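Chemist: Below are the structure tokens for one structure; questions will follow.
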Amino acid sequence: MAPAQGMEGTVTLLEATGSEIFAKVDCAGEEIACLFRERLPLKQGAQVRIEVDRACAHLFDAKTGRRV
């Protein structure tokens, strides 16, 4: 069996916006904002594993808020 990839975390916020789901996931104390384009059976407080698609990621400087 292949090792699990991605980061484990806890869903702390969910907002369904029509065809998408916006979620915040706490991964070891770091808050990750996620946008899911498909409808997933997520619940607040659920343990999830997320993997970042680096080709689609938008990263920001924590101090300035500017995109890096």
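The values are calculated or read from the model by the stated rules, or taken from the named source; none is laboratory data. What you are looking at is a predicted structure, and each value in this text was computed from that prediction instead of being measured. Because the Cβ atoms are built from the backbone with ideal geometry, glycine has one as well, and the counts that use them run over all protein chains shown. Accessible surface areas use protein heavy atoms only, side chains included; no ligands, DNA or RNA. Shrake-Rupley method; radii C 1.70, N 1.55, O 1.52, S 1.80 Å.
Chemist: How much length, in nm to one decimal, is gained on full extension between residue 60 and residue 33, taken as 0.36 nm per residue of separation minus their Cα-Cα distance?
Modeler: Values: separation 27, 0.36 × 27 = 9.72 nm, distance 1.14 nm.
Contour length minus the Cα-Cα distance gives 8.6 nm.
Chemist: Follow-up question, since we're still on this one. Name the longest site-free stretch of the chain, where the excluded sites are GluC sites (Glu not before Pro) in a DSSP loop with no more than 14 other beta-carbon atoms within 10 Å. Walk me through the numbers on the way to the answer.
Modeler: Values: sites that count: 20, 38, 51.
Between exposed loop sites, the widest span is 1-19.
Chemist: Can you sort 24, 63 by 1.4 Å-probe accessible area, starting with the largest?
Modeler: Working: 24 60, 63 195 Å².
Listed by decreasing accessible area, they come as 63, 24.
Chemist: Provide the per residue accessible area, probe 1.4 Å, for the chain, rounded to a whole number of square angstrom. All intermediate terms of the calculation are to be shown ahead of the outcome.
Modeler: Numbers: 5670 Å² over 68 residues.
That works out to 83 Å² for each residue.
Chemist: Of all the accessible heavy-atom surface of the chain, with the other protein chains kept in place and a 1.4 Å probe, what percent is carbon and sulfur?
Modeler: Numbers: 2990 of 5670 Å².
Answer for the chain: carbon and sulfur cover 53 percent of the accessible area.
Chemist: Taking the Cα-to-Cβ direction at residue 67 and at residue 5 and moving 7 Å from each Cα, how far apart do the two end points lie in nm?
Modeler: Computed distance between label sites residue 67 and residue 5 equals 2.5 nm.
Chemist: In addition: Ratio of Rg to Rh for the chain, alpha carbon only, Kirkwood?
Modeler: Numbers: Rg = 13.0 Å, Rh = 13.2 Å.
Taking Rh as the inverse mean 1/r over Cα pairs, Rg/Rh reads 0.98.
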